[in-house]
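Single-structure report; data block below.
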Amino acid sequence: MRRGTRYGALLGPLLAGGATPDLVTRAARGLGLPERGRYAVVVLGTPVPDAAVAEGPDVDGARWWWGGAEGSPGGAESPGEAEGQGGAESPGEAEGQGKAEGRGEAERRDGAERRGEAERRGGAEGRGEAERRDGAEGRGEAERRDGAEGRGGAEGRGGAEGRGGAEGRGGAREVAVVLLGPAGPAGAAARLRELGAGPGGVSPVVGSLAELGAARRLAGTALLTCDPGSREIVRLDERLPAALLVSRPELSTRLLAEVFGPLLTLVPAERSLMVATLEAWLECGGSVGRAAARLGCHRNTVFNRLRRLERLTARSLSRPRELVDLVLALDVLRLSSAPPGPGGGG
């Protein structure tokens, strides 16, 4: 596996999307990669383990290039940013810049004097007012955040995703380009799990370096489907329904409110018990007996909880279309808050 600022500078324009054909050709030459091949992109939500970028032969014939963390030097950037780094100014540009600086020098001096006088007069009053304003805003922001989380987290998550779309949850993310081996994306995901990486998303296969921008966006969407706080590595093709949900956060929030609205009004412990029972029933293929064994309670307890869930949501587990509503709402709830604790007892 390979990593370095040189790789990041070459991969950045490709991962940003919209790279021109000549830029793709230059990047392929600099990286020693074929322009056409079976590629995938990996996006990690946490720093990549050192073992994942250690020098040495890649596993399963795959070849990895880590482009650095997004939002950091050497990370994914726009084609214009990559091409503009280190570029020489033309004589006309330099002359124009010099004239502008000359004209503005006197204005900057005068402005600085006026600002200094204003600051001396305002002094402590300005600072005190700013501190009071910042304090009030900080308290208000904390209250708004707590309120959003108390509603189940769906609206808070929807706001963040509305701003960033499928680009990821949290801060800087690590991005890698993989020239796939025989095992394909599944092999790449398995390799990352072995190295203790995660959470992470793996894109579907694309056929050329020019398609890496689209692959990066899809890998970022896959990352969004990971359980909060988990270390799982998921492939987009394994999470398509959940990927649709995180791609449209405003609809996800609406779905959760429409399907699980009455359920979300229950006290947290009771809500967690109901959700855990539904999850166990689904994971056990709709078997009440196996779900009861998993939860450590009587099968009649599971049956009664499921009947109550149907009443609360006005949806039947025996009607396929209504079951789809419940499963999708469960995915939204899973992605918007910490997973509920295991159910049990009577």
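Annotations for the structure displayed:
- Among the conditions (1) loosely packed, with under 14 Cβ neighbours inside 10 Å; (2) touching a Lys or Arg at 6+ places or on another chain (Cβ under 9 Å); (3) modelled with pLDDT of 95 or more, residue 30 misses just one, which is (3).
- Elements of type helices (runs of 4 or more DSSP H) contained in the stretch 169-257, each with 3 or more residues being in contact with a Leu (Cβ under 7 Å, 6 or more places away or on another chain): 212-224, 240-247
- Residues being open to solvent by 40 Å² or more (accessible area, probe 1.4 Å), small (Gly, Ala, Ser) and at pLDDT 95 or above are represented in the stretch 314-323 by at least one member.
- Test set (1) closer than 16 Å to residue 176 by Cβ; (2) modelled with pLDDT of 50 or more; (3) part of a loop (DSSP other than H, G, I, E, B); (4) open to solvent by less than 50 Å² (accessible area, probe 1.4 Å) - residue 42 fails condition number: (3)
- Matching residues, the stretch 250-268, being open to solvent by 40 Å² or more (accessible area, probe 1.4 Å) and more than 22 Å from residue 304 (Cα to Cα): 250, 251, 254, 257, 258
- When the stretch 293-311 is filtered for residues that are open to solvent by 70 Å² or more (accessible area, probe 1.4 Å), in a helix (DSSP H, G or I) and touching a Gly at 6+ places or on another chain (Cβ under 8 Å), only 299 remains.
- Failed condition for residue 290, given (1) within 14 Å of residue 333 (Cβ to Cβ); (2) open to solvent by 40 Å² or more (accessible area, probe 1.4 Å): (1)
Condition check ((1) out of contact with any Phe, Trp or Tyr (no Cβ under 6 Å at 6 or more places or on another chain); (2) more than 30 Å from residue 43 (Cα to Cα); (3) open to solvent by 60 Å² or more (accessible area, probe 1.4 Å)) across all residues:
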residue	(1), (2), (3)
215	yes, no, no
224	yes, no, no
227	yes, no, no
241	yes, no, yes
270	yes, yes, yes
276	yes, no, no
281	yes, yes, no
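The values are calculated or read from the model by the stated rules, or taken from the named source; none is laboratory data. In this text, all values refer to a predicted model and were calculated from it rather than measured experimentally. Here the Cβ is made from the backbone with ideal geometry for all residues, glycine too, and neighbour counts use every protein chain on show. Note: accessible area is taken over every heavy atom of the protein model, side chains too, but ligands, DNA and RNA are not part of it. Shrake-Rupley method; radii C 1.70, N 1.55, O 1.52, S 1.80 Å.
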